[in-house]
Amino acid sequence: MRCLYAMVFLTIAGAFFCGCKAAKEGRKTEETGGVSYHAGAEAPPAADSRPVVVAFGNSLTAGQGVDPKENYPAKLQRKIDTAGLHYRVLNEGISGETTAQGLSRLDSVRRLHPALVIVELGANDGLRGLPVEETGKNLEEIIRGLRKDGALVVLAGMQVPPNYGPAYTKSFSELFPALSKKYNLALIPFFLQGVGGRAELNQEDGIHPKAEGYAIVAENVWRVVFPLLK
């Protein structure tokens, strides 16, 4: 079992570094027509006055490795449209991003004047073994900054493999419910529920969902977001 956890960790760690590379390449190619995993690079039509829902996160939000129409924010938009709700979803996911990097671009997200923000950050912190206290402080600053503008915040819970020991794994997984309780936030208990660990629903790297996996992720998000948008 320890060997299995080690193999999973190495696979995820490799995905993390690939994500960082993809993020850098994505930023470089925005102006040259190349592939970018920062789906938020495309601005919405100026005439679209619908309230904004921001999907704020890393590669799991950006949809690394799948067609832009198949990432979870795109699927969430279709659910919103089907339900007859008038919101537009903006994908502000960047591959490889940590909570510190997310905090560094908080102002750009606030300038979108979102009505609701889904914060999916922290997984890369956990894969790098960063102190849980540091991750928590960054998330708290993000939450407070978004709420200053009156935005509703939905927090996506994350989990990590036990490679840094049971104490770290437990502390990390408990961080998200604790923040949800402290700030009275809606919580997605585990963003990858029903997808994580299922090879048939993930890409070859073992961490990023396929289109079928993102359909489940979108449903995980929808169950929590829908009551807030009605």
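Around R144, with a cut-off of 12 angstrom between Cβ atoms, what is the net charge of the other residues, counting Lys and Arg +1 and Asp and Glu -1? Taking every other residue near R144 into account, the sum is +2.
Filter the trypsin sites (Lys or Arg not before Pro) in segment 105-160 down to the DSSP loop ones having no more than 16 other Cβ atoms within 10 Å, then list what survives. In loop regions of segment 105-160 (DSSP not H, G, I, E or B), the sparsely surrounded trypsin sites (Lys or Arg not before Pro) are R105, R111.
If Lys and Arg each add +1 and Asp and Glu each add -1, what is the summed charge of the other residues whose beta carbon sits under 11 Å from the beta carbon of A100? Intermediate values should be presented prior to the final figure.
Numbers: positive: R105, R128, K137; negative: E97, D125, E134, E141.
Value of the local net charge: -1.
What net charge is computed for the residues neighbouring G57, neighbours being all others with C-beta under 14 Å from the C-beta of G57, Lys and Arg scored +1, Asp and Glu -1? It would help to have the intermediate numbers written out before the result.
On the way: positive: R105; negative: E92, E97, E120, D125.
For residues surrounding G57, the net value is -3.
Placing a label point 7 Å from the Cα of K230 along the Cα-to-Cβ direction, the residues of segment 58-81 whose backbone N falls under 18 Å of that point are 79-81.
Given in Å, the Rg to one decimal and the Dmax to the nearest whole number for the Cα atoms of segment 149-230 are 14.3, 42.
Pairs of Cα atoms in segment 98-161 fall into 5 Å distance bins, from 0 up to the last occupied one, in shares of 4, 19, 31, 23, 14, 7, 2, 0 percent. In this simple spin-label model, placing a label point 7 Å from the Cα along the Cα-to-Cβ direction at both E174 and A83 gives a separation of 3.2 nm. Put simply, the Cα atoms of segment 136-175 extend 38, 16, 11 Å along their principal axes, the longest span coming first. Taking the number of Cβ atoms within 10 Å of each Cβ as an exposure proxy, the fewest-first ranking of S171, S59 is S171, S59. Each label point was placed 7 Å from the Cα along the Cα-to-Cβ direction; for Q203 and L106 their separation is 2.9 nm.
Can you give me the relative contact order of segment 36-186 as a percent, contacts being Cα pairs under 8 Å and 6 or more apart?
Working: 243 pairs, mean separation 34.8, N = 151.
So the answer I get is 23 percent.
Diffusion coefficient of segment 73-230 by Stokes-Einstein, Kirkwood radius over Cα pairs, 10 °C, 1.306 mPa s: 98 µm²/s.
We did not get these values from a lab; they are worked out from the coordinates using the rules stated. This one's a predicted model, so the numbers in the text were calculated from it and none came from an experiment. Cβ atoms come from the backbone with ideal geometry, glycine included; neighbour counts cover every protein chain shown.
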